[in-house]
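The values are calculated or read from the model by the stated rules, or taken from the named source; none is laboratory data. The shown structure was predicted, so the numbers you read here are calculated from the model rather than taken from an experiment. Using ideal geometry, Cβ is built from the backbone for each residue, glycine included, and neighbour counts are taken over all protein chains shown. Note: areas computed on protein heavy atoms with side chains; ligands, DNA, RNA excluded. Shrake-Rupley method; radii C 1.70, N 1.55, O 1.52, S 1.80 Å.
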Amino acid sequence: VRESELLHNIAQRSAGMTSGFPHVLLGPGDDCAAVRPPGGSMLLTVDQVIERRHFVPGTPLDLVARKAVARSISDLAAMGATPWCALATGALPAGFAPSDADALCVSIKKWAEHWLCPMVGGDLASMPDAASPLTLTVTAIGVAHPSGHVVTRAGARPGDHVYVTGALGGSFDRATGQGRHLTFEPRLRESAWLLDTFGARVHAMIDLSDGLGRDAGRIAQASGVRIELDAASIPRHPGVADWRSAAGDGEDYELLFCIDHDATVPETCPPTGTPLRRIGVVRDGRGCVVQTDTGSHDAGDMGWDH
Ligand SMILES: [Mg+2]
């Protein structure tokens, strides 16, 4: 009864989806959703958040739902894509209150629509025991930038300038488990503006989930280049002690991009005011280093595994 009630509620609340999002032909409530395919390439990504891994027990469910959706939306932004639709699953600890499950569904739908990514379907299941971690999985589908340019990690070229949006470090408050990792804004508008303005001169991009050092290393590896970052240029959030924290903390969900050296990038993104900071350069070679007054530090071993 609980489950059928829950599914009924979800279908009821989603009844208006097809008018709000004309490309959604059939939303939650049937065996499948139906959506009109976008005109360009589709970008697909899936990500999960796991209790005690990505959020601490007791985190408000609305913020758990927000993070689950935002992480996948951030991946779309990293490729220059615009959200099209999404699917979600939840694995709930045994004994999870039905009212909490319902609230979780409301939040997932709300946040998905906040980023114009209608949640067209999903599934909830109960885990075998009460100690199981609450786990949410979100599959997000996007459409490539109208130019057709899909920004991968593999396009960086020697001579490119390396930029980052926003500021880094201290996203996850280790004392409380709270912080920006629960409330970050995926850089959709910044990504769209970059592609609108510079097109294919944006050579490579990634969203910073595992830390600047590690994620810059991923671009370097995928592109077969060397990335040199300037420690003093790395923008830090207030209270972030040094470049090592800024480069290693992770969960920033800012965009790191490599752009043609001829591109004139302003200090802030015009539509949003988000800072755009040049922090390095792409060279021939391999690997990623952070340069300080005292020398070169290998960036590849900074950051953390999810
Ligand atoms: Mg990513």
Over all Cα pairs of the chain, how is the pair count split among 20 Å bins, expressed in % and running from 0 up to the last occupied bin? 33, 53, 13, 0
Paramagnetic reach from Ser233 in the stretch 252-284 [backbone N under 15 Å; point 7 Å along Cα→Cβ]: 256-268, 276-284
Dipole moment magnitude, nearest 20 debye, the chain about Cα centre, only Lys, Arg, Asp, Glu C-beta charged: 300
Cα-based Rg of the stretch 158-267 per 2.2 N^0.38 Å, rounded to two decimals? 1.06
Give me the accessible area per residue for the chain, probe 1.4 Å, as a whole number in Å². 44
What is the gain in length, in nm to one decimal, between Leu44 and Thr197 on full extension, counting 0.36 nm per residue of separation less the C-alpha to C-alpha distance? 52.7 nm
FRET efficiency, 1/(1 + (r/R0)^6) with R0 35 Å, evaluated for Ala154 and Asp262 via beta carbons: 0.95
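At 222 nm, what helix-only mean residue ellipticity would the chain give, in deg cm²/dmol to the nearest 500, using -39500 (n - 2.57) for each DSSP H run of four or more? Display every interim value, and only then the final one.
Numbers: 7 runs with 80 residues, N = 306.
Dividing the helical sum by the residues of the chain leaves -8000 deg cm²/dmol.
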Place +1 on the Cβ of every Lys and Arg and -1 on the Cβ of every Asp and Glu in the stretch 191-306, take the dipole about the Cα centre, and give the residue among Gly213, Val290, Gly224 whose Cα lies farthest towards its positive end. Gly224
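What FRET efficiency comes out for Glu5 versus Ala222 if R0 is 51 angstrom and r is the Cβ-Cβ distance? Round to the nearest 0.05. The partial results should precede the final answer.
Values: r = 47 Å, r/R0 = 0.92.
According to the calculation, E is roughly 0.65.
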Which helices count as membrane-span-like in the chain under these terms: full DSSP H, at least 18 Å along the axis by C-alpha, Kyte-Doolittle mean of 0.5 or more? 61-78
Amide H within-cut-off set for Gly155, under 5 Å, with H built and near neighbours excluded: Met205
Normalising by the residue count of the stretch 208-306, find the relative contact order in percent from Cα pairs under 8 Å and 6+ residues apart. 47
Run the accessible area of the chain with a 1.4 Å probe and give the carbon-and-sulfur part as a rounded percent. 52
Placing +1 on each Lys and Arg Cβ and -1 on each Asp and Glu Cβ in the stretch 26-147, then taking the dipole about the Cα centre, the residue among Leu104, Val138, Gly90 whose Cα reaches farthest towards the positive end is Val138
